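Beneath this line is the structure, given in structure tokens, with notes to follow.
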Amino acid sequence: MNTMENSANVLIIYTGGTIGMKESSETGALVPMKFEQLTDEIPEIKKMGINIDSYAFNPPIDSSNMDPILWGRLAKLIKKKYMLYDGFVILHGTDTMSYTASSLSFMLENLGKPVILTGSQLPIGVLRTDGKENLITAIEIAAAQKDGAPIVQEVCVYFSSRLFRGNRTTKEDSEQFSAFASHNFPRLAKAGTDIVFNEDLLHRSKNKGIFNINTKLCDDIVVITLFPGIQEKVFKQILAIPDLKGVVLQTYGSGNIPTHPWLINSVKEASDNGVIFLNVTQCSGGRVMMGQYETSCELRKAGVVSGHDITIEAAVTKLMFLLGQELSIKEKKMHLDQNMRGEICI
């Protein structure tokens with residue numbers, strides 16, 4: 001089924017990343033290309049029948065340098081251009097793409113248009129690049145409409161023929177073209193000869209309010225990954241960081257921790273002092289089930305919030321987002337335990 005609207009307007013936002021690199025004719029090394037050269041590298045874009053504009057970060061940002069300030073910059077740009085375009089494609093480095101997609105999903109409120117992040121494992125100027133197909137199909141998805149409305153109305157990651165909910169993705173391979181996975185939620189679309197959408201899975205905003213952005217994030221958080229032999233002095237020193245407001249605690253299996261009394265007591269003391277803990281499993285798939293085993297029962301008693309089946313990327317950005325809001329600690333924990341943008345299944 002061809003769902004592309006010929007009159008659709010799409011804005012491509014180039015932040016940086018491998019997709020925007022090409023070999024230097026002088027040295028053979030990979031260097032950033034001028035974004036205007038994109039249509040030279042992918043002439044098929046001119047034949048798509050879609051009105052395409054572009055905006056490029058200058059200088060381009062290596063995705064390893066992405067941070068909350070740059071996420072806010074992206075959100076503000078989408079807000080500024082929102083009424084002018086039917087969809088947005090963000091070209092982004094793969095290393096932190098899932099973090100950016102997750103963060104945007106929380107910052108873009110009442111989103112009613114597609115925001116599709118994509119990139120590539122090989123530069124666009126390399127013969128075997130995966131960037132060409134990724135970009136062309138991402139543009140098609142951003143322009144896809146049905147009955148006069150966008151088919152996709154959420155933040156997504158498109159990579160290697162698959163469309164995923166952005167806040168459900170994790171980069172799991174640094175070499176294969178299929179770099180991203182969504183272990184706990186099905187793909188939203190598959191691109192073959194046609195783009196086939198799983199429309200029943202697509203997220204729709206619960207509120208029908210006017211699109212807006214909320215860029216207030218608090219990055220006074222830390223991720224602590226438990227491991228056999230973790231030392232009491234190290235754990236306590238981390239929790240003693242000045243102004244610490246949140247901890248993503250990566251636990252074993254379905255949310256379990258060692259039974260050391262000092263560990264539970266340290267978590268409870270910090271929680272009583274206003275630090276919010278979010279329990280996330282270290283497993284690629286599956287979920288936290290607090291209360292299934294005795295050790296996770298102790299965490300729940302200490303005030304730790306279950307992350308359910310959330311990814312580490314969504315956990316970090318959701319915690320940053322809620323800590324940035326003017327809410328009581330009780331309210332922040334309540335929202336942390338709820339599904340806000342399709343990031344968890346409860």
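Here are the numbers for the structure shown:
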| quantity | calculated |
| --- | --- |
| Test: residue in region 4-19 that is polar (S, T, N, Q), touching a Gly at 6+ places or on another chain (Cβ under 8 Å) and either modelled with pLDDT under 65 or loosely packed, with under 10 Cβ neighbours inside 10 Å (or both) | yes |
| Subset of region 285-301 (residues that are of a type in the set (S, T, N, Q) and exposed (fewer than 15 other Cβ atoms within 10 Å of the Cβ)) | Gln292 |
| Qualifying positions in region 134-173 - without any contact (Cβ under 8 Å) to a residue 40 or more places away in the chain, within 19 Å of Gly93 (Cβ to Cβ) and touching a Ser or Thr at 6+ places or on another chain (Cβ under 8 Å) | Ser160, Arg162, Phe164 |
| Single match in Ser296, Ser254, Ser284 (criterion: farther than 22 Å from Leu323 by Cα and in contact with a strand residue (DSSP E or B) (Cβ under 6 Å, 6 or more places away or on another chain)) | Ser296 |
| Residues of region 186-238 classified as of a type in the set (Lys, Arg) and modelled with pLDDT under 95, total | 3 |
| Among residues of region 182-195, those that are among the β-branched types (Val, Ile, Thr) and more than 18 Å from Thr118 (Cβ to Cβ), counted | 1 |
| Selection count, region 34-85, where residues are in a helix (DSSP H, G or I) and either within 16 Å of Ala8 (Cα to Cα) or of a type in the set (Asp, Glu) (or both) | 11 |
| Matching option when the condition is assigned by TED's automatic domain parsing to the domain that holds Met83 and surrounded by fewer than 13 Cβ atoms within 10 Å (Cβ to Cβ), among Gln153, Gln231, Gln176 | Gln176 |
| Which listed residue, of Thr281, Thr311, is among the polar types (S, T, N, Q), touching a residue at least 60 places away in the same chain (Cβ under 8 Å) and crowded, with 16+ Cβ neighbours inside 10 Å | Thr311 |
| Residue check, Gly303 modelled with pLDDT under 95, under 24 Å from Thr96 (Cβ atoms) and of a type in the set (Gly, Ala, Ser) | no |
| Residue ID - surrounded by the fewest Cβ atoms within 10 Å (Cβ to Cβ), chosen from residues in region 95-108 that are assigned to a helix (DSSP H, G or I) and out of contact with any Leu (no Cβ under 7 Å at 6 or more places or on another chain) | Phe106 |
| The listed residue being among the aliphatic types (A, V, I, L, M), assigned by TED's automatic domain parsing to the domain that holds Asn167 and touching a strand residue (DSSP E or B) at 6+ places or on another chain (Cβ under 8 Å), out of Ile61, Ile78 | Ile78 |
| Matching entry among Thr96, Thr118, Thr129, Thr100 (being among the β-branched types (Val, Ile, Thr) and at pLDDT below 95) | Thr129 |
| Exclusive hit being assigned to a strand (DSSP E or B) and closer than 19 Å to Gly49 by Cα, set Ile116, Ile141 | Ile116 |
| Subset of region 47-94 that is among the charged types (D, E, K, R) and within 18 Å of Ile19 (Cβ to Cβ) - its residue that is surrounded by the fewest Cβ atoms within 10 Å (Cβ to Cβ) | Asp53 |
| Tally, over region 186-223, of residues that are under 30 Å from Phe277 (Cβ atoms), assigned to a loop (DSSP other than H, G, I, E, B) and among the hydrophobic types (A, V, I, L, M, F, W, C) | 2 |
| Matching residues in region 258-278 - criterion: being free of Cβ contacts under 8 Å to residues at least 40 places away in the same chain, closer than 19 Å to Ile329 by Cβ and assigned to a loop (DSSP other than H, G, I, E, B) | Asn273, Val275 |
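Here's the yes/no breakdown for (1) over 30 Å from Asp173 (Cβ atoms); (2) in contact with a Ser or Thr (Cβ under 6 Å, 6 or more places away or on another chain):
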{"site": "Ser254", "(1), (2)": "no, no"}
{"site": "Met290", "(1), (2)": "yes, yes"}
{"site": "Glu331", "(1), (2)": "yes, no"}
{"site": "Met334", "(1), (2)": "yes, no"}
{"site": "Met340", "(1), (2)": "no, no"}
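The values are calculated or read from the model by the stated rules, or taken from the named source; none is laboratory data. Predicted, not measured: the structure shown is a model, and the values here were computed from it. Cβ: placed from backbone, ideal geometry, glycine included. Neighbour counts: every protein chain shown.
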